[in-house]
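Below: the structure, in structure tokens.
The values are calculated or read from the model by the stated rules, or taken from the named source; none is laboratory data. Everything numeric in this text was worked out from a predicted model, so none of it was measured. Don't worry about glycine lacking a Cβ; one is built from the backbone with ideal geometry, like all the others, and counts go over all protein chains shown.
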Amino acid sequence: MACLRVENLTKVFPKDVWALRDVSLELGNGERVALLGAPGSGKTTLVRMIAGLEEIPEGRIFLGDEDITDLPPTRRNIATLFHNYALYPHLTVYRSLGYGLRLRGVARDELDRRVREAAQLLGVADVLDRKPDSLSGDQRQRVALGRSLVAKPALWLLDEPFLDLDPQLRREMQAEIVRLQAILSLTMLFVTRDPAEALAVGQRLVVLDKGVVQQVATPRELRESPANRVVADLLGIAGGGGNRVIIPGRAPRK
């Protein structure tokens, strides 16, 4: 069964700027999908529409069996993390992790249990009483991730969350995302402009260009059979239009 189903989303900005053109996709329960596209391809617009932060003039969005197209963000069981995440400087890690739960009126004992479980899972249990300015970049990133996880969302949207990190920390957080998603069996849509990151994180990839879905495939399928030149160029490989691409060190298929 699909956790998320997007049907024929279309969005046009003023001066006939097409953000999305008839975009449809599905994410299965517990699936990890990477949405790959260059800046301006429509990735963030798609994420904002799914999250309820952008008007949907045409198309429908379903979470499980429920049509959430017209629901406000607070009524969608979706957690969203953008790359410009912000931790409140006056809040401790504990209060940051529990902030969303407090807004939802979660009972104190349940809030405490969820916060401590998330902190343990993310490796920040020993800094719960500290504030952001005393944390390392790695710890701040983990707290931001945890804040989006404690509500136990049906869908986890991450829009280029590691864009501003140095390469080493970025690789570490990519591995952490994969680990967390597997442990928690979350359905996740991970948005990136970096082909290497998309291939490292996604079980399947959705390639978006100028608001149009170009290909949906596994990392291996994309490498070996890019649907067209746009996909091949984005991945930095030769081929396109269904041509096979030989991965170094691997014999081509017969």
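Per-structure values
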quantity: Ser24 being surrounded by fewer than 18 Cβ atoms within 10 Å (Cβ to Cβ), over 14 Å from the mean Cα position of the chain (by Cα) and hydroxyl-bearing (Ser, Thr, Tyr); calculated: yes
quantity: Selection count where residues are in a helix (DSSP H, G or I) and over 21 Å from Glu197 (Cα atoms), scope segment 121-142; calculated: 7
quantity: Residue check for Gln181: more than 29 Å from Val12 (Cβ to Cβ), under 17 Å from the mean Cα position of the chain (by Cα) and at pLDDT 95 or above; calculated: no
quantity: Selection from segment 118-129 of residues that are in contact (Cβ under 8 Å) with a residue 24 or more places away in the chain and among the charged types (D, E, K, R); calculated: Asp129
quantity: Of all residues making up segment 57-80, the number that are surrounded by 20 or more Cβ atoms within 10 Å (Cβ to Cβ) and closer than 20 Å to Leu97 by Cβ; calculated: 3
quantity: Residues of segment 206-226 satisfying the condition of being farther than 18 Å from Asp22 by Cα and in contact with a strand residue (DSSP E or B) (Cβ under 8 Å, 6 or more places away or on another chain); calculated: Ala217, Thr218, Pro219, Leu222, Ser225, Pro226
quantity: Selected residue [within 20 Å of Leu158 (Cβ to Cβ), at pLDDT 95 or above and touching a Lys or Arg at 6+ places or on another chain (Cβ under 6 Å)] from Val191, Val216; calculated: Val191
quantity: Verdict on Asp16 being at positive phi and among the acidic types (Asp, Glu); calculated: yes
quantity: Every residue from segment 81-114 that is touching a Pro at 6+ places or on another chain (Cβ under 8 Å), modelled with pLDDT of 90 or more and more than 19 Å from Ala125 (Cβ to Cβ); calculated: Pro89
quantity: Ala198 within 12 Å of the chain's Cα centre (by Cα), part of a helix (DSSP H, G or I) and farther than 26 Å from Val12 by Cβ; calculated: yes
quantity: Selected residue (only one of Asp133, Asp129, Asp138 is outside the structural domain of Val201 (by TED's automatic domain parsing) and in contact with a Phe, Trp or Tyr (Cβ under 9 Å, 6 or more places away or on another chain)); calculated: Asp129
quantity: Total residues in segment 1-38, condition in a strand (DSSP E or B), within 15 Å of Gly202 (Cβ to Cβ) and among the charged types (D, E, K, R); calculated: 2
quantity: Selected residue (criterion: farthest from the chain's Cα centre (by Cα)) from residues of segment 27-46 that are of a type in the set (Val, Ile, Thr) and at pLDDT 95 or above; calculated: Thr45
quantity: Subset of segment 81-99 (residues that are buried (at least 17 other Cβ atoms within 10 Å of the Cβ) and either under 22 Å from Leu63 (Cα atoms) or in contact with a strand residue (DSSP E or B) (Cβ under 8 Å, 6 or more places away or on another chain) (or both)); calculated: Leu81, Phe82
quantity: Number of the condition not met by Ser148 [criteria: (1) in a helix (DSSP H, G or I); (2) over 29 Å from Asn29 (Cβ atoms)]; calculated: (2)
quantity: Subset tally (residues that are more than 16 Å from the chain's Cα centre (by Cα) and farther than 19 Å from Gln168 by Cα) for segment 125-149; calculated: 10
quantity: So Gly52, is it touching a helix residue (DSSP H, G or I) at 6+ places or on another chain (Cβ under 7 Å), surrounded by 17 or more Cβ atoms within 10 Å (Cβ to Cβ) and of a type outside the set (A, V, I, L, M); calculated: yes
quantity: Gly105 being over 17 Å from the mean Cα position of the chain (by Cα), assigned by TED's automatic domain parsing to the domain that holds Arg147, crowded, with 16+ Cβ neighbours inside 10 Å and not in a strand (DSSP E or B); calculated: no
